[in-house]
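Each reported figure results from applying straightforward, stated rules to the coordinates on display, with no laboratory input. A quick note: this is a predicted structure, and the numbers were derived from the prediction, not measured. Here the Cβ positions follow ideal geometry from the backbone for every residue, glycine too, while neighbour counts run over all protein chains shown.
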Amino acid sequence: MSWTPERIKELEKLWAEGLSTAEIGRRLGVSKNAVVGKAHRLSLPGRQSPIDRKRRTTARRVTPRAKPASKANKTESSTAHKPRESVKTPPPPPPRRKTYNHKGPSCQWPFGDPKLPGFHFCGAPSEPGKPYCPQHCAIAYNRVSASQADAEANKAAAG
């Protein structure tokens, strides 16, 4: 496919009409990427992304919140329509640091957010060959049920 002067004029016309690049491509028999590339090389005026356009139209559709009632009408409106109050739950207390006096590898189970103060690792003696203590190994590793183990053994024997 070559861009003949006639096709370029058609591209410019359809571009000015605001058709999507996919629609222009369908009408000209080329891919939308070919349309985008040629429009760029011709320095046609840029257009808003369809993704941005979609975001802006949905943002406009959001209804504004009702204004709070004036002080004079506050007693009347408080019984008629009471807005929901947001319930704020306090954050959970940070986990207590466990201190262990031991030598060797320690449990690497994280507590808290690494970006916040108070972040730490469990620190208990770890299971041999594992990064966690027995309690955290029970959480981290799932045991394979007997039926799953049989299915995996049959699959390995067949394959």
In which sequence would H40, H120 go, from the one with the fewest C-beta neighbours within 10 Å to the one with the most? H40, H120
How much FRET efficiency would the formula 1/(1 + (r/R0)^6) give for H120 and A140, where r is the Cβ-Cβ distance and R0 is 25 Å, rounded to 0.05? 0.90
Quickly work out the D150-to-K130 label distance, labels modelled 7 Å from Cα along the C-beta direction, and quote it in nm with one decimal. 2.6
Least to most buried among V35, V144, by other C-beta atoms within 10 Å and fewest first, runs V144, V35
With a 10 Å Cβ neighbour count serving as the proxy for reagent exposure, in which order, fewest first, do C137, C107 appear? C137, C107
Considering amide H positions built from the backbone, and no H for Pro or chain starts, which residues 5 or more places from H120, or on another chain, come under 5 Å of its amide H? F111
Pop out the ³J(HN,Hα) list for segment 113-122 in order, Karplus 6.51 cos²θ - 1.76 cosθ + 1.60 with θ = phi - 60°, rounded to Hz; leave Gly and Pro as x. 9, x, 7, 10, x, x, 5, 7, 9, 3
Using 1/(1 + (r/R0)^6) with R0 = 22 angstrom and r between the beta carbons of E17 and I51, what's the FRET efficiency to the nearest 0.05? 0.60
Amide H proximity to S106 below 5 Å, modelled H, separation 5+ or other chain, gives S126
